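Mind looking over this structure? Questions follow.
The values are calculated or read from the model by the stated rules, or taken from the named source; none is laboratory data. Only a predicted model underlies this, so the values are computations on that prediction, with no experimental measurement involved. Cβ placement follows ideal geometry from the backbone for every residue including glycine, while neighbour counts extend to all protein chains displayed. Accessible surface areas use protein heavy atoms only, side chains included; no ligands, DNA or RNA. Shrake-Rupley method; radii C 1.70, N 1.55, O 1.52, S 1.80 Å.
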Amino acid sequence: MAVSEPIANRAIKDPESDRYDPKALEARWQPVWDQMELDRVRELWDLPKFYCLDMFPYPSGDGLSVGHGHNYIPTDVVSRSMRMRGYNVLHPMGWDSFGQPAENEAIRRGRHPRETTARNTANYKRQLRLVGNSYDWQREIDSSSPAYYHWTQWFFLLLFRRGLAYRANAPVWWCPSCQTTLANEEVHGGLCWRCDTPVERREMEQWYFRITAYADRLLDDLKGIDWPESVKTMQENWIGRSEGALVRFHAEDGTELPVFTTRPDTLFGATFFVMAPEHPLVAQLTSPEQRAAVEEYVGMARRTTEIERTSTTRTRTGVPVGAFAVNPVNDERIPIWIADYVLPSYGTGMIMAVPAHDARDFDFARSYDLPIRVVIASGDQTSGEDLDTAYTGDGRLVHSGTFNGMPSVDARREITRALEGRGLAEFQVNYKLRDWLISRQRYWGAPIPIVHCPAHGAVPVPESELPVRLPDIVDWQPTGTGRSPLESATDWVETTCPQCGGPARRETDTMGGFACSSWYFLRFCSPRDTERPFDPAAVNYWMPVDLYVGGLEHAVMHLLYARFWTKVMYDAGLVPFTEPFARYRPQGVVHSPLPDKEGNVGKRMSKSRGNVITPDSVVEAHGADALRLYELFIGPFEQNLIWDEKGINGIDRFLNKVWDLCTMAYESVNADADDHAQRLLHKTIKKVGDDLAEMRFNTAVSGLMILVNDLADAVRSASIGAGLWRAATDALVLMLAPMAVFQAEELWHRRGGNGSVHQQPWPLYDPALVTDQMVTIAVQINSKLRDRLEVPADATDEAVRSAAERLPKVAEALHNKQIVKVFYAGGRLINFIVR
């Protein structure tokens, strides 16, 4: 509605007869909204759509904190405001209830994960309703429901059929606390992503998704999505695309020793060769004299975390294996070492060591007195004897045979070509990204739909037999043996081969929880479809997600996995898009002001730390609307902050001021000619609308506060006409509706509104009234402020300069001065440069 259109049939009450009581409003309106099915998503596919989605939560704790509210309340506000702007809005909620977080909670409580998950999801849902969030609960999904994981298994089979799901024996990360394997992305700084326990390496046969097949597309498609650059950079670095060469060294016994290098121009500077201690060729190449030392070092390396091994501050250690490698560019014999700064997971697990031009190799060579040979000249530096540090830049080649004098950039290409002609090198692109390890030796997850047959190997379960249901077992906790608890369910494990009908065994590992969250955004489009994972027509309408919000910690986990699955679906003809989330924004972390168990304050809220502030306690003390507004006002959405309970008192005062302003019986004999109030109103409508769209929630609330204070002053002085007051307070209630949902609904009805305030359009503003008629110009001389000048907003540059020169202070300062130049920043400042 336009602000100039008053609402008919108002029934304004005297404020003394009915004070603002948030608890009463919450109790009154929630049942009414339920009865109206106000939150129901309508299939109005002729309207423009807006799909807003939160990362669905793990139901792995007693409940939500106000930190969670900093995510869920702002997205509710955006969704409500977009609905008021005429969009068909989908803002669903569900539960990421399979996987380690939920199972660890069950273990902690000594109860079956089905029980703890059901209890926790019910509590989370209660709390989200408590704070006034609007979701269509008929679209609620739960990843641990057979109706959901039926289709998670279906997608596994899709990947399997396309050669993107496979089983392999390889060194994997193992969490001794969670007692399961982990994907590379789930190891953060050498620690388990869920329990912060140091992880270790084990050799195990596991299931993988071939995400590396999509590495280039995952990189290239980042250009077309509206994500923070920091998140894009995190994914780019994780994928780690490097262009270089695969160069074939050889051991003296003829064993090929390939290395990947981005700097083939430094090959003549290789003075030793290093292998990862875990490399399978180490045992073969180790001499009898060195075997004991090598085996001892290998054992030590396996017990060292990856973050320790790659630390730049750690002293480099290693052991020679007693063998030599032959450098293909000059046939020089160089000693082979093992050292834990070389990781088996990157490149070939072996490197040529060029200490003059690589910092890690330089430190290692200094520690073990190994030769340092300069082959890239920087200025006059051509000897490694007096080097203080490695030179890693470009230059001209020296000590490099026929390539001497060549620019190093050109030498990379020419040396590779020369070796390629002899079959000793080839141009290659390498990636840091590794395939996604998906199997877990845990109970609480989607069973992998594979049957192992002695005759036919891994056989997929027919789609007609999905879902493969997770059996109820008593001994569901991790075994600690590296085997899944499901192996004890012999009646479930023992089955027949779908291919030959002979005896077979089910796969007993389950899928990690990130499989479930790699497609849930599609299920929300048609969550009750029993014949397929989603309705193509619904997905074509709603997808991709217009605004996705969730924690930055998932930048190289869930966000990467979901992009991968979506591209696979696109290739399979299931969806017409390649990116699931058009716009992604991470919320800041709300830290607790309460001391944790170690006495530290300003830490992330956590039940284990004992420093959680719940929405329940805040709603009890201040009301849901005060909590909502404070979550918006406390600081910029994307910034980390500390919760300050004192700050919410200001929100209480603001809501009471709004209540009094909108429920008073105001009459005035003044006409509606208050130009300032009129302009401020229309500017506020524009500003608040723009701020909500751009997620500048704190400045949106600030804008409303300025308007309310201005209106309150105008009412006290009776300087505002009754008609303008009515129009302004009408618009105020509508602007407040997405934020203070209960108070706005009550005020809407008290003022005679029809239907629900949450069914009304956003107020309109007059573009002519949001532009200032007059602007204030700062007048500077040699960049020093001399005075200020008020001029019409459309004044010409010449008029502004003339008016500025006539100001007494400016005229005096310009007297007997030569004006060299005049800078005018339209509408802000004019600067005279004089001498």
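Restricting attention to region 793-821, report how many residues are open to solvent by 40 Å² or more (accessible area, probe 1.4 Å) and in contact with a helix residue (DSSP H, G or I) (Cβ under 8 Å, 6 or more places away or on another chain). Walk me through how you get there before you give the answer.
Kept after step one, since they are open to solvent by 40 Å² or more (accessible area, probe 1.4 Å), are these residues of region 793-821: 793-794, 796-799, 801-802, 805-806, 808-809, 811-812, 815-821.
Still in the list and also in contact with a helix residue (DSSP H, G or I) (Cβ under 8 Å, 6 or more places away or on another chain): 805, 811.
Selection size over region 793-821: 2.
Then there's this: Mind checking which residues of region 230-259 are of a type in the set (S, T, N, Q) and more than 29 Å from residue 219 (Cβ to Cβ)?
Result: 255, single match.
What is the residue count in region 641-655 for residues that are assigned to a helix (DSSP H, G or I) and open to solvent by 60 Å² or more (accessible area, probe 1.4 Å)?
Matching residues across region 641-655 total 4.
Filter region 509-526 down to the residues that are open to solvent by 10 Å² or more (accessible area, probe 1.4 Å) and over 24 Å from the mean Cα position of the chain (by Cα) and list them by number.
The answer is 509, 526.
Please report, ordered by residue number, the helices (runs of 4 or more DSSP H) entirely within region 96-187 with at least 3 residues that are of a type in the set (Ser, Thr, Tyr) and touching a residue at least 24 places away in the same chain (Cβ under 8 Å).
In region 96-187, 113-130, 146-161 are the helices (runs of 4 or more DSSP H) which contain 3 or more residues that are of a type in the set (Ser, Thr, Tyr) and touching a residue at least 24 places away in the same chain (Cβ under 8 Å).
Without any contact (Cβ under 8 Å) to a residue 12 or more places away in the chain and either under 18 Å from residue 146 (Cβ atoms) or open to solvent by 40 Å² or more (accessible area, probe 1.4 Å) (or both) - does that describe any residue in region 473-489?
yes
So for region 798-811 (the condition being in a loop (DSSP other than H, G, I, E, B) and without any contact (Cβ under 8 Å) to a residue 40 or more places away in the chain), does at least one residue qualify?
yes
Quick check: is even one residue across region 56-74 of a type in the set (Val, Ile, Thr), open to solvent by less than 20 Å² (accessible area, probe 1.4 Å) and not in a loop (DSSP other than H, G, I, E, B)?
Yes: region 56-74 contains one or more residues that are of a type in the set (Val, Ile, Thr), open to solvent by less than 20 Å² (accessible area, probe 1.4 Å) and not in a loop (DSSP other than H, G, I, E, B).
Give region 236-272 a look and list any residue that's open to solvent by less than 10 Å² (accessible area, probe 1.4 Å), of a type outside the set (Val, Ile, Thr) and more than 18 Å from residue 285 (Cβ to Cβ), or say none.
Hits for region 236-272 are 245, 264, 265, 267, 269.
Every residue in region 188-230 that is assigned to a helix (DSSP H, G or I) and open to solvent by 40 Å² or more (accessible area, probe 1.4 Å), please. Please lay out each step first, then the result.
Initially, region 188-230 is screened for residues assigned to a helix (DSSP H, G or I), giving 211-224, 229-230.
Hits for region 188-230 are 212, 213, 216, 217, 220, 221, 223, 224, 229, 230.
With respect to residue 155, is the statement that it is touching a Cys at 6+ places or on another chain (Cβ under 7 Å) and not hydroxyl-bearing (Ser, Thr, Tyr) true?
Against the criterion (touching a Cys at 6+ places or on another chain (Cβ under 7 Å) and not hydroxyl-bearing (Ser, Thr, Tyr)), residue 155 does not qualify.
Suppose the filter is free of Cβ contacts under 8 Å to residues at least 24 places away in the same chain, small (Gly, Ala, Ser) and assigned to a helix (DSSP H, G or I); does residue 723 pass it?
Considered against the rule, which asks whether it is free of Cβ contacts under 8 Å to residues at least 24 places away in the same chain, small (Gly, Ala, Ser) and assigned to a helix (DSSP H, G or I), residue 723 comes out as no.
Could you figure out which of (1) touching a strand residue (DSSP E or B) at 6+ places or on another chain (Cβ under 8 Å); (2) under 24 Å from residue 216 (Cβ atoms); (3) open to solvent by 40 Å² or more (accessible area, probe 1.4 Å) isn't true of residue 559?
Status for residue 559: all satisfied but (3).
Somewhere in region 370-388, is a residue at pLDDT below 90 and either assigned to a helix (DSSP H, G or I) or touching a Leu at 6+ places or on another chain (Cβ under 8 Å) (or both)?
yes
Right, something else. Go through (1) surrounded by fewer than 23 Cβ atoms within 10 Å (Cβ to Cβ); (2) free of Cβ contacts under 8 Å to residues at least 60 places away in the same chain one by one and return the number of the condition residue 91 breaks.
It is condition (1) that residue 91 fails.
Can I ask one more? Report yes if residue 529 is over 21 Å from residue 579 (Cα atoms), free of Cβ contacts under 8 Å to residues at least 12 places away in the same chain and open to solvent by less than 40 Å² (accessible area, probe 1.4 Å), otherwise no.
yes
Being assigned to a loop (DSSP other than H, G, I, E, B), under 45 Å from the mean Cα position of the chain (by Cα) and either within 30 Å of residue 814 (Cα to Cα) or small (Gly, Ala, Ser) (or both) is the filter here, so list the residues in region 753-794 that pass it.
753, 755, 756, 772, 773, 783, 793, 794
When you look at residue 459, is it surrounded by 13 or more Cβ atoms within 10 Å (Cβ to Cβ), more than 35 Å from the chain's Cα centre (by Cα), under 22 Å from residue 98 (Cβ atoms) and at pLDDT 95 or above, yes or no?
no
Residue-wise test of (1) of a type in the set (D, E, K, R); (2) modelled with pLDDT of 95 or more; (3) buried (at least 23 other Cβ atoms within 10 Å of the Cβ).
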residue: 735; (1), (2), (3): no, yes, yes
residue: 738; (1), (2), (3): no, yes, yes
residue: 743; (1), (2), (3): no, yes, yes
residue: 759; (1), (2), (3): no, yes, no
residue: 762; (1), (2), (3): no, yes, no
residue: 772; (1), (2), (3): yes, no, no
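What are the residues in region 319-350 that are outside any strand (DSSP E or B) and either under 44 Å from the mean Cα position of the chain (by Cα) or under 13 Å from residue 279 (Cβ atoms) (or both), if any?
340, 341, 342, 343, 344, 345, 346, 347, 348, 349
Restricting attention to region 32-55, does a residue exist that is closer than 30 Å to residue 442 by Cβ, in contact (Cβ under 8 Å) with a residue 24 or more places away in the chain and out of contact with any strand residue (DSSP E or B) (no Cβ under 8 Å at 6 or more places or on another chain)?
No, that holds for no residue.
Pick out the one residue from 312, 317, 286 that is open to solvent by 20 Å² or more (accessible area, probe 1.4 Å) and at pLDDT 90 or above.
317
Can I ask one more? From the list 548, 541, 584, exactly one residue is open to solvent by 10 Å² or more (accessible area, probe 1.4 Å) and outside any loop (DSSP other than H, G, I, E, B). Which is it? If you could, list the steps in order and put the result at the bottom.
Working: 548 fails: open to solvent by 10 Å² or more (accessible area, probe 1.4 Å); 584 fails: open to solvent by 10 Å² or more (accessible area, probe 1.4 Å).
Among 548, 541, 584, only 541 is open to solvent by 10 Å² or more (accessible area, probe 1.4 Å) and outside any loop (DSSP other than H, G, I, E, B).
Quick one: is residue 134 modelled with pLDDT of 85 or more and in contact with a Cys (Cβ under 6 Å, 6 or more places away or on another chain)?
On the way: modelled with pLDDT of 85 or more: yes; in contact with a Cys (Cβ under 6 Å, 6 or more places away or on another chain): no.
Criteria not met by residue 134.
Tell me the residue from 526, 484 that is of a type in the set (Gly, Ala, Ser) and under 30 Å from residue 50 (Cα atoms), please.
Matching residue, one of 526, 484: 526.
What residue, among those in region 140-167 that are more than 24 Å from the chain's Cα centre (by Cα) and of a type in the set (D, E, K, R), is farthest from residue 448 (Cα to Cα)?
Looking at the filtered set, the residue picked out is 162.
Pull up region 125-158, narrow it to residues that are open to solvent by less than 10 Å² (accessible area, probe 1.4 Å) and of a type in the set (Phe, Trp, Tyr), then point me to the one that is farthest from residue 52 (Cα to Cα).
Restricting to residues being open to solvent by less than 10 Å² (accessible area, probe 1.4 Å) and of a type in the set (Phe, Trp, Tyr), the top hit is 156.
Within the set of pairs 6 or more residues apart or between chains, which connect a residue that is more than 30 Å from residue 258 (Cβ to Cβ) inside region 225-247 to a residue that is open to solvent by less than 70 Å² (accessible area, probe 1.4 Å) with Cβ atoms less than 6 Å apart?
225/579; 226/583; 227/584; 231/555; 232/222
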